[in-house]
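These notes concern the structure reproduced below.
Laboratory data are not the source of any read-out in this text; all were calculated from the coordinates shown. Everything quoted here is computed from the prediction, not taken from an experiment. Cβ atoms come from the backbone with ideal geometry, glycine included; neighbour counts cover every protein chain shown.
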Ligand code: GAR
């Protein structure tokens, strides 16, 4: 069984969608670890409710980003993790980390990349008054919110939308497509490993 580690910083609706997909067999993977950098994040409760092991770290207790990443990589390698799935993890990785899992890190972003990169993509799209935004799932490279796109889905901005109603529709879309995208990603990795 493919082992994945899911990295999260917040509410964890995408993490929950992945757990549900594993539970009902749509995602053929084991969530071996949830990595989190925020001690009060609700996503920790979700991991606890589903008995998923957690690696919680305080970025400020390390002398550098790379030092914390070395510990994370060692932990992931120790568990035999095949792929990393970012689900609302709001930290940027060093080249060391990206190189350690080259081509094996997936991210979900709440816009139609390359439009609206960054940490406030939904708000930025709403304020720009675009008629259409969406969700992108992409493989992670060093450049932030870039990398080969695996899946994209458009979300219309409706007349009368508030930022909240738009956020809700984007999150619904994310929660629906991320398990499918992760399944497709790990299937691709398996094919690559065989050839
Ligand atoms: C999601 O909308 C995800 O796309 C976004 O954080 C949210 C996490 O929600 N990620 C980024 O903006 C990364 N650049 P969740 O904690 O409910 O899954």
Degrees separating the helix 13-23 axis from the principal Cα axis of the chain, which is the longest one: 60 degrees
message: How much of the DSSP bridge set in the stretch 18-158 is antiparallel, in percent, rounded to the nearest 5?
response: 65 percent
- line: the stretch 33-69 scanned against label point 7 Å out from residue 94 along Cα→C-beta; backbone N under 13 Å for 62-69
- line: Under the 7 Å Cα-to-Cβ spin-label approximation, residue 163 and residue 131 lie apart by a distance in nanometres of 2.5 nm
message: Just to confirm my numbers, what's the Cα centroid distance between the stretch 126-195 and the stretch 1-78 in Å?
response: 19 Å
- prompt: Based on the Cβ-Cβ distance of residue 55 and residue 172, what FRET efficiency does E = 1/(1 + (r/R0)^6) give at R0 = 25 Å, to the nearest 0.05?
  reply: 0.30
- request: Compute the long axis of helix 163-194 from its Cα atoms, compare it with the longest principal axis of the Cα atoms of the chain, and write down the angle in degrees, 0 to 90, nearest 10.
  value: 40 degrees
query: Spin-label point model (7 Å from Cα, Cβ direction): what's the residue 64 to residue 30 distance in nm?
result: 3.4 nm
task: Rounded to the nearest 0.05, what FRET efficiency do residue 192 and residue 115 give with R0 = 41 Å and r taken as the Cβ-Cβ distance? Could you check?
output: 0.90
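For residue 180 and residue 146 in the same chain, what is the full-extension length gain: residue separation times 0.36 nm, less their Cα-Cα distance, in nm?
Numbers: separation 34, 0.36 × 34 = 12.24 nm, distance 2.00 nm.
Taking residue 180 through residue 146 to full extension adds about 10.2 nm, to one decimal.
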